[in-house]
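Read the structure below first, then the notes.
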Amino acid sequence: MNARNIAGPLVRGSDFWGRDRDRSALCALLDKGDVLLNAPRRYGKSSLMCSLLDQPQPAWTVVMLDVEYVESPAEFLTELSAALVQTSAIRKLWEKTKRGPGAFLSWITAGIEGIEVGAENIGHAKLNLRKSLAPDTWPELTEQLFSELSHHDHNLLLIIDEFPWMIANFIDQNPEQAVHFLKWFRAVRQKTRKRSVRTLLGGSVNLEPRLEELGREALINDLQRYHLRPLSLAEAVSFVREVLDAEGVPFDSETPAEIVRVADCGVHFFLQVLISECLAEARHHAGSKLTVDLVEPVYKERVLGPPNRSRFSHYHTRLKQHYGSRERAARIVLALLTEQERESRDHLAEVLRAAGEDVSVDGVLALLESDYYISRELDLVSFSSGFLRDWWLRNVPAPAGAR
Amino acid sequence: MTHAFGPLLFNPARASFNELEQTFVGRRALLDQLEADLLADAKGKTARHWQLIGPRGTGKSHFTELLGHRLRERGWAVVRLPEEHYQVASVGELLEQIVVRLDHLELSPFRDTASARDVEEQGLDYLRRWRKQHAGPILVILENLGLLFERQLTSVREQSRLREILMRDAPFVLLTTSTSYLESTGRHAAPFYDFFHVHTLDELSRTEVANLVEARARWDQEEALLRDYGSVKARLDALYHLSGGNPRLVLALYSIIRQGITSELHHQLLKLLDDVTPYYQARLRDITPQMERVLIEMALADGPLTPSELARRCRMATNQVTANVTKLVAERLVRPGSRPDARRRYYQVSDRLFRIWLQMREDTTAKQKLKFLIEFFQSWYRDSIDVLKKDVDRLGDAFWSELRQGLSRQCDDRLLTLDYMRAAVPEYPPDLILQSLRDSRERPTGAAVEEQVRLLQPLYDSIADPNHRLVIGYLLAVAHEHGGDSRRALSLLKELIDEEAGTPTFSGEVWMLYLNMLSDVEGPKAALRAGAKAVTANPHLFGLKSRLACWSAELGLAEDAFRLAEEFIATSTCPHCKARTTAQLVRSFLRVGKVRNAKRALGLATWSGTDQELGALKMLLLRRKEGDQELLIADLQDAMSLYDQEKALPNWLLAEAVCSLSHAPSHEARAASLLKEAARRRGHLDSAMLEHMFEVLIRMASADARPFGELVSWVVANGSPQLIRECFVSDMPALIRQTGLSGALRLYRELRNVGILPPDLPPYSTAEIVEASPEPTKVLESLHPEVREAVSLLLRHNSSVEDAGALPSRGKGSMGDAQAQRTSDGPPPGARTGRGRAARAHPADSRRRTER
């Protein structure tokens, strides 16, 4: 099956393509240790993780779970155990050792007793495990779980998607318990590092600010970071061409380059949104071609306009939610960058001073860069993508004093 | 065929696959694409879930129902969850509902499970097992996702869990619908942020609206409509305008095309608005008060507004308004407007139905006259005034027909519809309703005038709307007038125009009728006084000046007449009205022999030289001398030779011809023919025409002994019995006296035989006794002298009576002298009240009445 243009949702199998560079880099990091994969939503993080599940590295067993809804360490243990038990190799291992000592094995074997564990019975297994889990036993049981996993013949990759969300849930419910869990989890990672178990923690929200609030940012210092990067513009043109070929809508030979020119970025998601809107427009007038001159109006009216406003509005609202006293300074910087494609760091510092902002310009720029708003090249600062710049110009009013 | 209300109540879930397919318009490419995507996803590993966004009524249910049908045919299981989600407060319960509907279970298999989270796991296991046992995938259609996320599954945990289930190895594909983008899928931090693959259903284009109507008509086998589809297309713009391309509204309005403008239009739209009220109330609760304020201001505006204009109207800062407009645009409640001003942005409420609903709620005047309905009629009748006239006439006919059937509520609805239609076309006469109802072919006339009064009176007494009361009161007054009861008509009209009583009216028709009645009862001076006061107090009534000018001319107030006519001509924008006023003034001067003033009056008109009336008048004026008051038959014949097609004769000329021919011997047949034509034009036979007809009849009776034939039957069929009776009693003596004709007794017998006249009406019954007596002379001589004289006139043809020398010499004495009978044989001829007999004695006055 040809690859299709699927902008946003998780893609798997033949729909996941064009990310070989990221896959290889991530695998290389996982060879060395545990990884925190952080990227905004819709950047393809979950799809990338799923590709490691669907096409695992040779001799690797991969288990993946999404824990955004998990609210307690005990629930995490249940979910993780239930996910592991579906893996036949691990299930066989546990069945072989079920008569062995240890609370975990007793708990897990009792939970799956009499159940032919497969996807259609996993719920039943979870209910049993949940019922038989004594309060406050999760640290002990989970430690034993990881110990058991280290006996596994294969390398084991645990992909835990939306890990930061789960931790945020823990913090919301019981900050002390959350810290306890993170401490314990770091200890488990450190114990298993030299063995064959790896964890890939994915997240679309930045965990560090929450931990900073608790003064516990060191609890994830051991994790290697991997950031998804956009395609180069040349790669982006090839990517767009491949997508359009796969979609079966006739297009001008210059259309892919025009799409990249107009979006002025190599972020897959941005490109795919534009492609999707262009295709919709072309299909709306059945039989018509996706011509070069269609691209820019669609970009201006639909991608930057109301139909997609909500898709990108978090760039605007996030400043309010997370930037605190640096919000106005950040808005001033971004407003200036909509007017001037590149600004020097010193000029921005001057403008902020003139606007009465008593904040560190480097602090503001670092934050904006880590949140994918801007990029820096030596002393020069610009929007991370032309698309974001256009969107900002169209949708976000400049704060007073920005000009 | 569809049900009585057509597809307004169209419920896609109840429609057949064939009907859904045949009436599906505008979204076929999207449906095909989605179907193909679902089939492709089912073969691959990517599991997408879908959100179909479209304002209410854009056809989401039709779309999903059709998609469900198509997928079932391809082996899918399709589960449709109820829109309200009452039984769903957790992911577990959502899964439980899917299970119950998937296997059509009466009871949930998890009914004994206490924990919703446990049901979650059980439900997932159940569905996964189902998938393992069945080849086909499952499509779950969940309508109104907003309601689910914003009322039922509100917690982050529940939404996160559902997302997790859907994201990886979901046992089903979820297809959701919503009326707008949702906070729960648009907020970056929300679990379902940008999760669904979204398709939007936009409003239909003009062409698609036309296609939808045609498809619907084909399905409904509306052969007549399809045969005439070319002309229907001209009306589709109006449908597009009101519906804004919203398919539900298009289908609701489609019934108009099927049935024409009917009073059901209001009921259907009001019901539609009732139905959507809870939804729109909820929508308003979802937005901030400032957004609501801005939205309402837009809804009440006549067209798109700029943010600065909105800011002025809302008394808010422009940047505040801009921020709120941006949010409203994001909510799809507002969209950029369509005004051709490139420099500034205009905005308007995007959901037409929502706009209508807000108008209904916010604008008290709109409750009476929905702006949208007026806009609709404006659009409907744009460049089609002739169609408007036809529809107005049709509604007028329906009014009378329903009135006969005692359907007073429907009559009120007809008036309301006419009200909207009139308001929609400002250039159309303000008295459109009065005129259409008065001139309706269905209005009872002739013998049925009494029936008309009987029907209208209770409606007049019960009707609440002052405008409608005015209309019914007017019709009632017209009925009284036609029934010969000027005093009752006058009294009623006085009630209608009495400003002190709180019911002032600007209706020129009502005032005109009132003044005419006043002139009849109290004389033209009284009418002139009242009219002059009215036009001074109320400039809207300037149309009365035309009539006042004529009265002034006839009363010798030439300068007043010229002033009033000039004022009318200066104010009126209607060239025909100006010409007609000129013609009427000329004739008024002619009636009183003021030829010079008539010539001067003729100069008031800007005359193109083609106007029939003015042309005929000009010709007549050349033959007149100052002081001449009678029109010469030769003049008329000359005039008529110019316009020899009788049907094309102007009314006044027809009246002149009727009057002259009915006085002329040997022209009875032609006079009768013209009288019939005059009566047809007026819609009834009035007293002036009756008087002429009586003269024609007695001339015929005097000329030969042949029977009257159908002419008497025609009179009986077209005149009120009461009016015929009264005219006969009051007018016949003068006619006999003036003409010396002897046919009156024969006419009496004819009318007595059909029950119009009593068998003992003096002096006619007395004349019959004398005539039947073997010795008529003796009997005659035994009578009171005045009675004897009256009887003698009636029996003029009887030689034995004539020989008795009882007859007075012609032209002397009078039948009026027979009034002495009032002491012996009952009321004398001419004793009838209220019609201004003296005034009508002059032929010119008869003409004036006929022309009115």
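The values are calculated or read from the model by the stated rules, or taken from the named source; none is laboratory data. These numbers come from a predicted model, not from an experiment. In this analysis, Cβ positions are derived from the backbone assuming ideal geometry, glycine residues included, and neighbour counts consider all displayed protein chains. Ligands, DNA and RNA are excluded from the accessible area calculation, which covers all protein heavy atoms including side chains. Shrake-Rupley method; radii C 1.70, N 1.55, O 1.52, S 1.80 Å.
Summary table below
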read-out	value
Close pairs from region A:124-141: first free of Cβ contacts under 8 Å to residues at least 12 places away in the same chain, partner in a helix (DSSP H, G or I) and open to solvent by 30 Å² or more (accessible area, probe 1.4 Å), Cβ under 6 Å, at least 6 apart	A:L127/B:D118
The listed residue being more than 14 Å from B:L470 (Cα to Cα), open to solvent by 20 Å² or more (accessible area, probe 1.4 Å) and either at pLDDT below 80 or in contact with a strand residue (DSSP E or B) (Cβ under 6 Å, 6 or more places away or on another chain) (or both), out of B:R422, B:R404	B:R422
Sole residue being within 14 Å of chain B (Cβ to nearest Cβ) and of a type in the set (S, T, N, Q), chosen from A:Q224, A:Q272	A:Q272
Qualifying residue in region A:318-327 (condition: under 24 Å from the mean Cα position of the chain (by Cα) and closer than 17 Å to A:G386 by Cβ)	no
Only one of B:E158, B:E150 that is within 25 Å of A:R41 (Cα to Cα) and away from every other protein chain (no Cβ under 14 Å)	B:E150
Looking only at region B:300-323, and only at residues there that are polar (S, T, N, Q) and within 13 Å of chain A (Cβ to nearest Cβ), the one that is surrounded by the most Cβ atoms within 10 Å (Cβ to Cβ)	B:T322
Scan of region B:399-424 for residues that are in a helix (DSSP H, G or I), closer than 23 Å to B:V449 by Cβ and free of Cβ contacts under 8 Å to residues at least 24 places away in the same chain, ordered by number	B:E402
Unmet requirement for B:Q221, which otherwise passes all of (1) surrounded by fewer than 17 Cβ atoms within 10 Å (Cβ to Cβ); (2) assigned to a helix (DSSP H, G or I)	(2)
Complete set of residues in region B:50-60 that are within 21 Å of A:E247 (Cα to Cα) and either at the interface with another protein chain (Cβ under 10 Å from one of its Cβ atoms) or surrounded by fewer than 15 Cβ atoms within 10 Å (Cβ to Cβ) (or both)	B:W50
Options B:L127, B:L201; residue that is more than 9 Å from chain A (Cβ to nearest Cβ) and open to solvent by less than 40 Å² (accessible area, probe 1.4 Å)	B:L201
Lone unmet requirement of (1) away from chain B (no Cβ under 14 Å); (2) in contact with a helix residue (DSSP H, G or I) (Cβ under 6 Å, 6 or more places away or on another chain); (3) not in a helix (DSSP H, G or I) for A:G356	(2)
Qualifying residue in region A:54-72 (condition: at pLDDT below 85 and either assigned to a loop (DSSP other than H, G, I, E, B) or open to solvent by less than 10 Å² (accessible area, probe 1.4 Å) (or both))	yes
Hits in region B:146-185 - residues which are among the charged types (D, E, K, R) and outside any loop (DSSP other than H, G, I, E, B)	B:E150, B:R151, B:R157, B:E158, B:R161, B:R163, B:E164, B:E183
Residue that is surrounded by the fewest Cβ atoms within 10 Å (Cβ to Cβ) [pool: residues in region B:224-252 that are within 19 Å of B:R355 (Cα to Cα) and free of Cβ contacts under 8 Å to residues at least 60 places away in the same chain]	B:G245
Complete set of residues in region B:681-703 that are at pLDDT below 80, part of a helix (DSSP H, G or I) and under 19 Å from B:P444 (Cβ atoms)	B:R681, B:R682
Where a residue in region B:120-145 is in a helix (DSSP H, G or I) and its partner, wherever it lies, is modelled with pLDDT of 90 or more and among the acidic types (D, E), with Cβ under 7 Å and at least six apart	B:G123/B:E96
Every residue from region B:38-49 that is out of contact with any strand residue (DSSP E or B) (no Cβ under 8 Å at 6 or more places or on another chain) and either open to solvent by 20 Å² or more (accessible area, probe 1.4 Å) or more than 7 Å from every other protein chain (Cβ to nearest Cβ) (or both)	B:L39, B:A40, B:K43, B:G44, B:K45
Residue under evaluation B:T177, criteria (1) among the polar types (S, T, N, Q); (2) open to solvent by less than 20 Å² (accessible area, probe 1.4 Å); (3) under 23 Å from B:E120 (Cβ atoms), criterion not met	(3)
Counted residues, region A:130-167 - those being part of a helix (DSSP H, G or I), within 14 Å of another protein chain (Cβ to nearest Cβ) and surrounded by fewer than 21 Cβ atoms within 10 Å (Cβ to Cβ)	3
Tally of residues being at pLDDT below 85, open to solvent by 40 Å² or more (accessible area, probe 1.4 Å) and part of a helix (DSSP H, G or I) across region A:264-305	6
Any hit, region A:80-96, residues being within 10 Å of chain B (Cβ to nearest Cβ), in contact (Cβ under 8 Å) with a residue 40 or more places away in the chain, open to solvent by less than 30 Å² (accessible area, probe 1.4 Å) and not polar (S, T, N, Q)	yes
In region B:187-204, residue nearest to the chain's Cα centre (by Cα) [restricted to those that are in contact (Cβ under 8 Å) with a residue 24 or more places away in the chain and closer than 18 Å to B:L148 by Cβ]	B:V198
Selected residue (criterion: farthest from the other protein chains (Cβ to nearest Cβ)) from residues of region B:161-183 that are among the polar types (S, T, N, Q) and either more than 26 Å from B:R285 (Cα to Cα) or touching a Pro at 6+ places or on another chain (Cβ under 8 Å) (or both)	B:T179
Residue that is nearest to the other protein chains (Cβ to nearest Cβ), among those in region A:33-50 that are assigned to a loop (DSSP other than H, G, I, E, B) and in contact with a strand residue (DSSP E or B) (Cβ under 8 Å, 6 or more places away or on another chain)	A:A39
Restricting region B:749-778 to residues that are in contact (Cβ under 8 Å) with a residue 40 or more places away in the chain and under 15 Å from B:F708 (Cβ atoms), the residue that is surrounded by the fewest Cβ atoms within 10 Å (Cβ to Cβ)	B:V754
Among (1) open to solvent by 60 Å² or more (accessible area, probe 1.4 Å); (2) within 53 Å of the chain's Cα centre (by Cα) - the single one B:P733 does not satisfy	(1)
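Listed here are the residues, each with its yes/no results for (1) more than 14 Å from every other protein chain (Cβ to nearest Cβ); (2) surrounded by fewer than 18 Cβ atoms within 10 Å (Cβ to Cβ).
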residue	(1), (2)
A:H316	no, yes
A:S325	yes, yes
A:L334	yes, no
A:E341	yes, yes
A:R345	yes, yes
A:D362	yes, yes
